[in-house]
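Data block below; observations after.
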Amino acid sequence: MSNRLFFPLIAALALALVALAAVWPQGLGARAPGPFGHTPIQQTARMQAAMKRETEASEGRIKAAREAVADAQTQALSPTK
């Protein structure tokens, strides 16, 4: 392939990729500019509430597990038989 054909094709491909990157949906991260993209799922009120419930439940399970370990250690150190 001659250089007269190859380099303009590569330049056109590069410009096409830059244009595609400018309008391609941004996934679940930041919203794409202008009329493209949508509100990320994690930023919706419904998902925020679900994530908060999940975090609180996880923290509750961790707290219960820590209390169970502390109780088991207390029983091991000072048995009440």
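The values are calculated or read from the model by the stated rules, or taken from the named source; none is laboratory data. These figures come from a predicted structure and were not determined experimentally. Glycine also receives a Cβ, built like all others from the backbone with ideal geometry; neighbour counts cover every protein chain displayed. All accessible areas refer to the heavy atoms of the entire protein, side chains included, with ligands and DNA or RNA removed. Shrake-Rupley method; radii C 1.70, N 1.55, O 1.52, S 1.80 Å.
Along the range 44-58, what does the Karplus equation 6.51 cos²θ - 1.76 cosθ + 1.60 (θ = phi - 60°) give for ³J(HN,Hα), rounded to whole Hz, x for Gly and Pro?
With the stated coefficients, the range 44-58 comes to 7, 4, 4, 6, 4, 5, 5, 5, 5, 4, 5, 5, 5, 5, 5 Hz.
Roughly how much of VAL69 is accessible, in Å² to the nearest 10, using a 1.4 Å probe?
80
Considering only protein heavy atoms, with the full assembly of protein chains and a 1.4 angstrom probe, order MET1, MET47 by accessible area, largest first.
So the residues, ranked largest to smallest area, are MET1, MET47.
Residue by residue through the range 8-19, which ³J(HN,Hα) values in whole Hz follow from phi under the Karplus form 6.51 cos²θ - 1.76 cosθ + 1.60 (θ = phi - 60°), with glycine and proline marked x?
For the range 8-19, the Karplus-derived couplings read x, 5, 5, 5, 5, 5, 4, 5, 5, 5, 5, 5 Hz, x marking Gly and Pro.
Modelled label-to-label distance, GLN42 and GLU56, 7 Å Cα→beta-carbon offset: nm?
Each label point lies 7 Å from its Cα, and together they span 2.1 nm.
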